[in-house]
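Peer 1: Sending over a structure as structure tokens; questions will come in a sec.
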There are 2 protein chains.
Amino acid sequence: MTYCCGILVRDGIVMIGDTRTNAGLDNISTFRKLHLFEEPGKRVMALASAGNLSVSQTVVSLLSEGVVIPETGERRRLADAPTMFEAAQLVGLAVRTVYETDAKLMKDSEINFDVSFLFGGQIEGRRLRLFMIYAAGNFIECTTDTPYLQIGEHKYGKPILDRAVHYESDLYDALKINLISMDSTIRSNLAVGMPIDIAVIRRDALAIELNYRIMPGEPYFTDLRERWSAALREAHIAIPSPPYATSPIETASIPEPIDAAPPRTGAHANAANMQLTAGQPAAKVLQQQNLKP
Amino acid sequence: MTYCCGILVRDGIVMIGDTRTNAGLDNISTFRKLHLFEEPGKRVMALASAGNLSVSQTVVSLLSEGVVIPETGERRRLADAPTMFEAAQLVGLAVRTVYETDAKLMKDSEINFDVSFLFGGQIEGRRLRLFMIYAAGNFIECTTDTPYLQIGEHKYGKPILDRAVHYESDLYDALKINLISMDSTIRSNLAVGMPIDIAVIRRDALAIELNYRIMPGEPYFTDLRERWSAALREAHIAIPSPPYATSPIETASIPEPIDAAPPRTGAHANAANMQLTAGQPAAKVLQQQNLKP
């Protein structure tokens, strides 16, 4: 498994990725999944991968050495792409190229052709853009409405992103939220693990502003994890207890099926009347008699 | 989709379930998934279901009207089970009974036989127990190490449970945490929705202590959602910004492949050296020439 998340805010892109790969729980390794391409002043790109490692590594190598364009037979690299859109198309083409050579025999071995990418960056004179590329080579682009994209084990880390990230968020606040999101994921899924790779690309800088690896025990991330855990504990303690306990009389002696909660709206009251309760010994005996020969 | 969660603490069981069912995003309905069985002073049981609604409803009806025991031909209901373990076995048998009649034709219609249950309660003179029953009719039991079980869309709501619930938690604190877990799930998955059904079973009370339905807009749950969101925002704001920005020099002019993060341990430095960067125009031209006919 993998967790990578890219956030696009007004000031730039923050992309992070874990480094754990696994073939079963008994075969765990560390591989970098966040790849950076930089030609300072001209272009800067970050590519994060999830899915089958052989597929994602081959895609990355093709993008570096050249993907054959079917129409012309020409090879093109990420370094040649004139726009981020064409670069994203090239990533898609690389995925399709690997699919054609590898997918059938992988399927024969009952291995899914499963890969996805986050791909963000900027080319001189063009916009900063962030894409997510699927296993079929098609892709979507991040917009200001939901300024993040995730690949891999996305669910555990999504609630904090949904609540805290906005397009107007500060670039390093976005990094902080991204790390909280990673912490939630690492905590709940063993297949996502340290170290964590970080890339920060500031809009119009046309260079990697930050290329950093957080190792286990790194002080800032350790502190972030402890603060976040403590804050969650305090947050739920600060919420008052449910008041429902104070009205047990409402439900203490319900004569009809107790699956029906106290009716509150007509529409739902009907749907709730589904199930008989226990405690009908006479009917029980009757049923058994009817069934016995 | 569905989200149901049962928590077993020293003082009792809290079980909650959403009520949204969907066949595609364009066909959403409200159905109760939390079913209660009660014979005050003798037995009390809560059964929450996830998966295919026709399967779960048929299982619930069989448990109420009687499941045929293959060995004897006799019918047995939840009301007849002498222990919670035998009751859980009966739920499993009901699942297998429906599997035998329905699974093949469901498969022919490309519908998975997908169902799971949380089943908790107590019978006079016996322990309070909480089980999760799978689609094959097998089951596991909740223990004090991890005092909760989830079915359905379990990931979004798991981080708060992992952090906050303990076997020694107060019964209504467990309900509060369960509701926070439900809130995270509802927020991130449209297929999980209000109203929310709640059951509280206090140990040795042998009766339902609380049977309650939270409707949309209900004041306590609305307040809980707002407080939780505000607390999360405050929590991430209170965490200091990442200090990594202050050392851009480390990475500003890396001559070797920039996929390699600054080496920190020997073991990881090798794994990180995977990918060439852009910016080799001479080599690029050469590659293209070699490939052109």
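The values are calculated or read from the model by the stated rules, or taken from the named source; none is laboratory data. Since the model is a prediction, treat every value here as computed from it, not as a measurement. Methodologically, a virtual Cβ is constructed for each residue, glycine included, from the backbone with ideal geometry; neighbour enumeration extends over all protein chains shown.
Peer 1: Here is a check on your reading of the model: is B:Leu175 within 9 Å of chain A (Cβ to nearest Cβ), among the hydrophobic types (A, V, I, L, M, F, W, C), outside any loop (DSSP other than H, G, I, E, B) and touching a strand residue (DSSP E or B) at 6+ places or on another chain (Cβ under 6 Å)? Working first, answer last.
Peer 2: On the way: within 9 Å of chain A (Cβ to nearest Cβ): yes; among the hydrophobic types (A, V, I, L, M, F, W, C): yes; outside any loop (DSSP other than H, G, I, E, B): yes; touching a strand residue (DSSP E or B) at 6+ places or on another chain (Cβ under 6 Å): yes.
So B:Leu175 passes the test.
Peer 1: Under 8 Å by Cβ, and 6 or more places apart or on different chains, what pairs join a residue from segment A:33-48 that is over 25 Å from A:Tyr3 (Cα atoms) with one that is in a strand (DSSP E or B) and not basic (Lys, Arg)?
Peer 2: Within 8 Å, the pairs are A:Lys42/A:Ile123; A:Arg43/A:Phe37; A:Arg43/A:Gly121; A:Arg43/A:Gln122; A:Arg43/A:Ile123.
Peer 1: If you don't mind, another one. Would you be able to say whether some residue in segment B:107-116 is at pLDDT below 95, of a type in the set (A, V, I, L, M) and closer than 26 Å to B:Ser54 by Cα?
Peer 2: yes
Peer 1: Just one of the numbered conditions (1) within 7 Å of chain A (Cβ to nearest Cβ); (2) out of contact with any Asp or Glu (no Cβ under 6 Å at 6 or more places or on another chain); (3) crowded, with 16+ Cβ neighbours inside 10 Å is not true of B:Asp183; which one?
Peer 2: Just one mismatch for B:Asp183, condition (1).
Peer 1: Quick one: count up the residues across segment A:21-48 that are buried (at least 19 other Cβ atoms within 10 Å of the Cβ), within 11 Å of chain B (Cβ to nearest Cβ) and assigned to a strand (DSSP E or B).
Peer 2: So in segment A:21-48, the residues buried (at least 19 other Cβ atoms within 10 Å of the Cβ) come out as A:21, A:32-39, A:43-48.
Of the ones still in play, those that are also within 11 Å of chain B (Cβ to nearest Cβ) are A:21, A:32-39, A:43-47.
Pick out the ones that are also assigned to a strand (DSSP E or B) and you get A:21, A:34-39, A:43-47.
Counting residues in segment A:21-48 that are buried (at least 19 other Cβ atoms within 10 Å of the Cβ), within 11 Å of chain B (Cβ to nearest Cβ) and assigned to a strand (DSSP E or B) gives 12.
Peer 1: Which residue, of A:Asp223, A:Asp197, A:Asp162, A:Asp145, is among the charged types (D, E, K, R), surrounded by fewer than 20 Cβ atoms within 10 Å (Cβ to Cβ) and under 30 Å from A:Leu93 (Cα atoms)? Before the answer, list the steps.
Peer 2: Numbers: A:Asp223 fails: under 30 Å from A:Leu93 (Cα atoms); A:Asp197 fails: surrounded by fewer than 20 Cβ atoms within 10 Å (Cβ to Cβ); A:Asp162 fails: under 30 Å from A:Leu93 (Cα atoms).
Going through A:Asp223, A:Asp197, A:Asp162, A:Asp145 in turn, the sole match is A:Asp145.
Peer 1: Being in contact with a strand residue (DSSP E or B) (Cβ under 7 Å, 6 or more places away or on another chain), in contact (Cβ under 8 Å) with a residue 40 or more places away in the chain and farther than 18 Å from A:Leu206 by Cβ is the filter here; which residues of segment A:7-30 pass it? Outline the logic, then answer.
Peer 2: From segment A:7-30, those in contact with a strand residue (DSSP E or B) (Cβ under 7 Å, 6 or more places away or on another chain) are A:7-8, A:11-22, A:28-30; that's our starting set.
Adding the requirement that they be in contact (Cβ under 8 Å) with a residue 40 or more places away in the chain leaves A:7-8, A:11-20, A:22, A:28, A:30.
Listed by number, the residues that qualify are A:Ile7, A:Ile16, A:Gly17, A:Asp18, A:Thr19, A:Arg20, A:Asn22, A:Ile28, A:Thr30.
Peer 1: Quick check, is B:Phe139 closer than 18 Å to B:Cys4 by Cα, touching a helix residue (DSSP H, G or I) at 6+ places or on another chain (Cβ under 6 Å) and modelled with pLDDT of 95 or more? Steps first, answer last, please.
Peer 2: Values: closer than 18 Å to B:Cys4 by Cα: yes; touching a helix residue (DSSP H, G or I) at 6+ places or on another chain (Cβ under 6 Å): yes; modelled with pLDDT of 95 or more: yes.
Against the criterion (closer than 18 Å to B:Cys4 by Cα, touching a helix residue (DSSP H, G or I) at 6+ places or on another chain (Cβ under 6 Å) and modelled with pLDDT of 95 or more), B:Phe139 qualifies.
Peer 1: Scan segment A:206-221 residue by residue and report those that are over 14 Å from A:Phe37 (Cα atoms) and more than 7 Å from chain B (Cβ to nearest Cβ). Give the derivation first.
Peer 2: Taking segment A:206-221 as the starting set, the residues that turn out to be over 14 Å from A:Phe37 (Cα atoms) are A:212-221.
Correct list: A:Ile214, A:Pro216, A:Gly217, A:Glu218, A:Pro219, A:Phe221.
Peer 1: Would you mind stating whether A:Pro70 is in contact (Cβ under 8 Å) with a residue 24 or more places away in the chain and either more than 13 Å from every other protein chain (Cβ to nearest Cβ) or over 20 Å from the mean Cα position of the chain (by Cα) (or both)? If you could, list the steps in order and put the result at the bottom.
Peer 2: Values: in contact (Cβ under 8 Å) with a residue 24 or more places away in the chain: no; either more than 13 Å from every other protein chain (Cβ to nearest Cβ) or over 20 Å from the mean Cα position of the chain (by Cα) (or both): yes.
No; evaluated as a whole, the condition is false for this residue.
Peer 1: Same structure again: Go over the candidates A:Gly125, A:Gly121 one by one and state the one that is more than 16 Å from the chain's Cα centre (by Cα) and in a strand (DSSP E or B). Explain how you work it out, then say what you get.
Peer 2: Numbers: A:Gly125 fails: in a strand (DSSP E or B).
None of the others qualify; the one that does is A:Gly121.
Peer 1: Further question on the same structure: Please specify each residue of segment B:178-205 satisfying the condition of being in a helix (DSSP H, G or I), in contact with a Lys or Arg (Cβ under 8 Å, 6 or more places away or on another chain) and either more than 28 Å from B:Asn52 (Cβ to Cβ) or modelled with pLDDT of 95 or more (or both).
Peer 2: B:Ser181, B:Asp183
Peer 1: Restricting attention to segment B:99-110, does a residue exist that is touching a residue at least 24 places away in the same chain (Cβ under 8 Å) and of a type in the set (Val, Ile, Thr)? Walk me through it before giving the result.
Peer 2: Restricting attention to segment B:99-110, the residues satisfying the condition of being touching a residue at least 24 places away in the same chain (Cβ under 8 Å) are B:99, B:102, B:106.
From what's left, of a type in the set (Val, Ile, Thr): none.
Within segment B:99-110 (the criterion being touching a residue at least 24 places away in the same chain (Cβ under 8 Å) and of a type in the set (Val, Ile, Thr)), the answer is no, since none of the residues qualifies.
Peer 1: Does B:Ile7 satisfy being among the β-branched types (Val, Ile, Thr), more than 9 Å from chain A (Cβ to nearest Cβ) and surrounded by fewer than 17 Cβ atoms within 10 Å (Cβ to Cβ)? Walk me through how you get there before you give the answer.
Peer 2: Working: among the β-branched types (Val, Ile, Thr): yes; more than 9 Å from chain A (Cβ to nearest Cβ): yes; surrounded by fewer than 17 Cβ atoms within 10 Å (Cβ to Cβ): no.
So B:Ile7 fails the test.
Peer 1: Taking the criterion of being of a type in the set (S, T, N, Q), more than 21 Å from B:Ile140 (Cβ to Cβ) and surrounded by 16 or more Cβ atoms within 10 Å (Cβ to Cβ), would at least one residue in segment B:72-93 satisfy it? Outline the logic, then answer.
Peer 2: Taking segment B:72-93 first, the residues of a type in the set (S, T, N, Q) are B:72, B:83, B:89.
Those left that are additionally more than 21 Å from B:Ile140 (Cβ to Cβ): B:72.
Right, trim to surrounded by 16 or more Cβ atoms within 10 Å (Cβ to Cβ) and you get none.
The answer is no, given that none of the residues of segment B:72-93 is of a type in the set (S, T, N, Q), more than 21 Å from B:Ile140 (Cβ to Cβ) and surrounded by 16 or more Cβ atoms within 10 Å (Cβ to Cβ).
Peer 1: Looking only at residues that are of a type outside the set (S, T, N, Q) and in a loop (DSSP other than H, G, I, E, B) in segment A:94-118, which one is nearest to A:Asn211 (Cα to Cα)?
Peer 2: Within segment A:94-118, the match that is nearest to A:Asn211 (Cα to Cα) is A:Asp114.
Peer 1: Just one of the numbered conditions (1) in contact (Cβ under 8 Å) with a residue 12 or more places away in the chain; (2) closer than 16 Å to A:Ser188 by Cβ is not true of B:Lys155; which one?
Peer 2: (1)
Peer 1: For segment B:146-159, does any single residue satisfy the condition of being in contact with a His (Cβ under 9 Å, 6 or more places away or on another chain) and more than 10 Å from chain A (Cβ to nearest Cβ)?
Peer 2: Taking every residue of segment B:146-159 in turn, at least one turns out to be in contact with a His (Cβ under 9 Å, 6 or more places away or on another chain) and more than 10 Å from chain A (Cβ to nearest Cβ).
Peer 1: Among residues belonging to segment B:142-172 that are of a type in the set (A, V, I, L, M, F, W, C) and either in contact with a helix residue (DSSP H, G or I) (Cβ under 8 Å, 6 or more places away or on another chain) or not in a loop (DSSP other than H, G, I, E, B) (or both), point out the one that is nearest to B:Met84 (Cα to Cα).
Peer 2: Of segment B:142-172, the ones of a type in the set (A, V, I, L, M, F, W, C) are B:142, B:149, B:151, B:160-161, B:164-165, B:171.
Right, trim to either in contact with a helix residue (DSSP H, G or I) (Cβ under 8 Å, 6 or more places away or on another chain) or not in a loop (DSSP other than H, G, I, E, B) (or both) and you get B:149, B:151, B:160-161, B:164-165, B:171.
Values: B:Leu149: 16, B:Ile151: 19, B:Ile160: 29, B:Leu161: 25, B:Ala164: 27, B:Val165: 24, B:Leu171: 21 Å.
Residue satisfying both the conditions and the ranking: B:Leu149.
Peer 1: Within segment A:75-88, identify whether any single residue is more than 13 Å from chain B (Cβ to nearest Cβ), free of Cβ contacts under 8 Å to residues at least 40 places away in the same chain and not in a strand (DSSP E or B), and answer yes or no.
Peer 2: Checked segment A:75-88: at least one residue is more than 13 Å from chain B (Cβ to nearest Cβ), free of Cβ contacts under 8 Å to residues at least 40 places away in the same chain and not in a strand (DSSP E or B).
Peer 1: Just a yes or no: is a residue in segment A:112-119 aliphatic (A, V, I, L, M), within 30 Å of B:Trp228 (Cβ to Cβ), within 13 Å of another protein chain (Cβ to nearest Cβ) and crowded, with 22+ Cβ neighbours inside 10 Å? Working first, answer last.
Peer 2: Filtering segment A:112-119 for residues aliphatic (A, V, I, L, M) gives A:115, A:118.
With the extra rule that they be within 30 Å of B:Trp228 (Cβ to Cβ), the set shrinks to A:118.
When the remaining residues are screened for being within 13 Å of another protein chain (Cβ to nearest Cβ), the result is none.
For segment A:112-119, residues aliphatic (A, V, I, L, M), within 30 Å of B:Trp228 (Cβ to Cβ), within 13 Å of another protein chain (Cβ to nearest Cβ) and crowded, with 22+ Cβ neighbours inside 10 Å: absent.
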